[in-house]
1. Starting from residues that are charged (D, E, K, R) and more than 20 Å from residue 88 (Cβ to Cβ), keep the ones in segment 21-50 and report whichever is surrounded by the fewest Cβ atoms within 10 Å (Cβ to Cβ).
2. Please list, ordered by first then second residue, the pairs with beta carbon atoms under 6 Å, 6 or more apart or interchain, first in segment 34-53 and more than 12 Å from residue 79 (Cβ to Cβ) and in contact (Cβ under 8 Å) with a residue 12 or more places away in the chain, second among the hydroxyl-bearing types (Ser, Thr, Tyr) and part of a helix (DSSP H, G or I).
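Each value in this text was obtained by applying a stated rule to the coordinates, not by laboratory testing. This structure is a prediction, so every number in the text was calculated from the model and none was measured. Cβ coordinates were reconstructed from backbone atoms using ideal geometry, including for glycine residues, and neighbour counts include every protein chain displayed.
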Amino acid sequence: MATRDAPRAVEEEVMETTRQAGDPPGRWLGIAVFVFGIALLAVVFYIAYRDLVVAGPITSLAPVAGPQLTELAIKVLLRAIFVFLMGYIASVISGKGIGLYQAARGRGEE
């Protein structure tokens, strides 16, 4: 019976030594990573807007057929994938910043 209580005693000891106060450098780092991710998202939206403006109205495109159509479709698809990946990565970075900020908060802070 004494050996069963040993892990519980270690667990209670670990719980008592949990940090109560926040970690200010961690909080600032979390905010910085979040702002960096938001800035990347702004760049992605700017790139998408710029590409949309440069493309012009769809009705002004001359009729395209054959190999030119395939080449155009591949270019458009690659650009869309590139913008999507950049936006996804920027969102993940922003999420990591929020997670870092939350982890740096103390137990009693809301």
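1. 23
2. 34/94; 37/94; 38/94
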